[in-house]
Structures are given as C-alpha cells and as structure tokens.
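Scroll down for the structure; my scribbles are underneath it.
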Amino acid sequence: MDTPYGNVPLPVWERPEPQPRSAPVPLSRATIATTAIRLADAHGLDGLSVRKLAKELGVGPMRLYDYVVNRSELLDLMVDAVYARIAEAARLPEADWRATVLTIARATREAALDHEWFVDLLGARPHLGPHALAVGESTAAALNQAPGVRDIDDLQRASGALSAYLVGALRREITERRTARSTGTDVSAWQTAHGPYLRRMLDTGRYPTIARLVVDGAHLDAEETFRRNLTTILDGVTES
C-alpha cells in the first residue's frame, strides 16, 4: 500500500471505505464493528476471531481484510465505536468542569458494564480513534479548568491520576463480576459464610485499622463506591 509512511498503512480511520462489490452481503467498517462488538459481548475477546466474524456476517474471511488489515485494527474500530457512546455524553452541556468529568466517567463506567471486553483494552496502547480523541479532548479541557491546574504539568498529572483511577476501578469491578459469574458465587452468601471467621480475626486486635473500615466504614454498592472515590480524585485535583 503506497502511503506517506512507506509500507505502514494509514490508520484505519483515515483510509476510505473499499469500493462496493457486486456481492449479496454489503459491508462497511461500521457494520463490521457492530457485529464484532456483539460477538465480543457474548463470548469475550477470546471468542472473537476474523473467521467467526466473517461467518456471522455471511462472507468469506478474506473479504474482511479489505476493511481491516489485521485483528488489531478490528479492535481499534470496536473500541472507537464504544467511545462514540461516551462522546455523546461528553457533548452534553454541564455546569462546570467537575460535572463534565463526572458525566464522562459515569458514561465510561456504563459502557464498560455493557461491554466488559472494553476494560481489557483500557490502559494498554493509546486509543487514537476520532471518538476516543473527542472524549480525551473533553476530559482534558474540563480538567484544565480545575482550580488546582495551573500549567501543563498539573494538567498531565491530573489526567494521569484520573485515567489510572478509571482503569483500575473499572477493571476491578468487571473482574469481580466475572468471578462471581464464573464461580456461581452469591456475594451475600459468601459474606455470610466468611463473616464469623472475619469477626474472630478482628477480635484478636491485630488488625485495628481494618476493623475500623469493616465495622465503622460505609458499605456502599459498586456505583456509589465508584462515585465517591472519583470525587476524592477530583478533590485532589482542586487542591493540588
């Protein structure tokens, strides 16, 4: 492929759609991404392959390579399609920078809960699709208005802290969901079974700080925990 980068193909978002073929099944990158997302939602990334995707679309595997050169590009399209949903939330007018960041973070969490495979691709290589960049721009622009952000170094630190929290929190929540589902564990039953053991250990007096967290701390659901911890991050941005 003749490109400005020699043998390296242009990013998938900058390449034009292939010319339509006289074939019974019309294709587009949007159709491919939507179908791939449906497969990944049902079977995870390990259950997604070009061959399975081609079968789902009713085409031969080689035809997909007109649209994506490899599996990595397919994942790029899928990720950016999820970011499109987050970008919609980011475009809604908010009162201030904090409200904007909270809205984007909530939309990211909702998208991750609907598409669990999405968290497996967070925190790896940068996401550079147009919708991912739009979300990044909205987030950075909002953080740039925080009282504690005075220069580019402050903005980088704030962005890094927020990103690290989002990736860690979402991966933990999704991992807990997957574990409960795969083992058939009921959280309430697990807590009931392990409660007596934990009380005996705390009664030894060797773990006073943990005892305070367990006995006196608030026991929140996943959504409220996410919100409260995110608020702590944003408070730090305000005061830095």
Flagged in region 36-84 as β-branched (Val, Ile, Thr) and either in contact with an Asp or Glu (Cβ under 9 Å, 6 or more places away or on another chain) or part of a helix (DSSP H, G or I) (or both), in numbering order, are Ile37, Val50, Val68, Val79, Val82
Just one listed residue, out of Arg157, Arg171, Arg206, is of a type in the set (Lys, Arg), modelled with pLDDT of 90 or more and more than 21 Å from the chain's Cα centre (by Cα), and it is Arg206
The residue from Ala89, Ala33 that alone is part of a helix (DSSP H, G or I) and modelled with pLDDT of 95 or more is Ala33
Only one of Asp66, Asp114 is acidic (Asp, Glu), over 17 Å from Glu137 (Cα atoms) and in contact with a Pro (Cβ under 7 Å, 6 or more places away or on another chain), namely Asp66
Exercise. Does Leu64 satisfy the criteria of being closer than 23 Å to Val12 by Cβ, of a type in the set (A, V, I, L, M) and assigned by TED's automatic domain parsing to the domain that holds Arg15?
Worked result: yes
Restricting attention to region 168-215, the residues that are among the small types (Gly, Ala, Ser) and over 28 Å from Ala124 (Cβ atoms) number exactly 7
- Query: Looking at this structure, is Leu234 in contact with a helix residue (DSSP H, G or I) (Cβ under 9 Å, 6 or more places away or on another chain) and not assigned by TED's automatic domain parsing to the domain that holds His43?
  - Reply: yes
Flagged in region 205-240 as hydrophobic (A, V, I, L, M, F, W, C) and without any contact (Cβ under 8 Å) to a residue 40 or more places away in the chain, in numbering order, are Ile210, Ala211, Leu213, Val214, Val215, Ala218, Leu220
His219 meets each of (1) part of a loop (DSSP other than H, G, I, E, B); (2) surrounded by 13 or more Cβ atoms within 10 Å (Cβ to Cβ) with one exception, condition (2)
Output for Cβ contacts, cut-off 7 Å, separation at least six or different chains, first residue surrounded by fewer than 17 Cβ atoms within 10 Å (Cβ to Cβ) in region 154-177, second among the polar types (S, T, N, Q) and at pLDDT below 95, reads Asp154/Ser240
(request) Would you be able to say whether some residue in region 77-93 is free of Cβ contacts under 8 Å to residues at least 24 places away in the same chain and within 23 Å of Thr225 (Cα to Cα)? (result) yes
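The values are calculated or read from the model by the stated rules, or taken from the named source; none is laboratory data. Since the structure is predicted, the reported quantities are computational estimates derived from the model, not experimental observations. Every residue, glycine among them, receives a Cβ derived from its backbone with ideal geometry; neighbour counts consider all protein chains shown.
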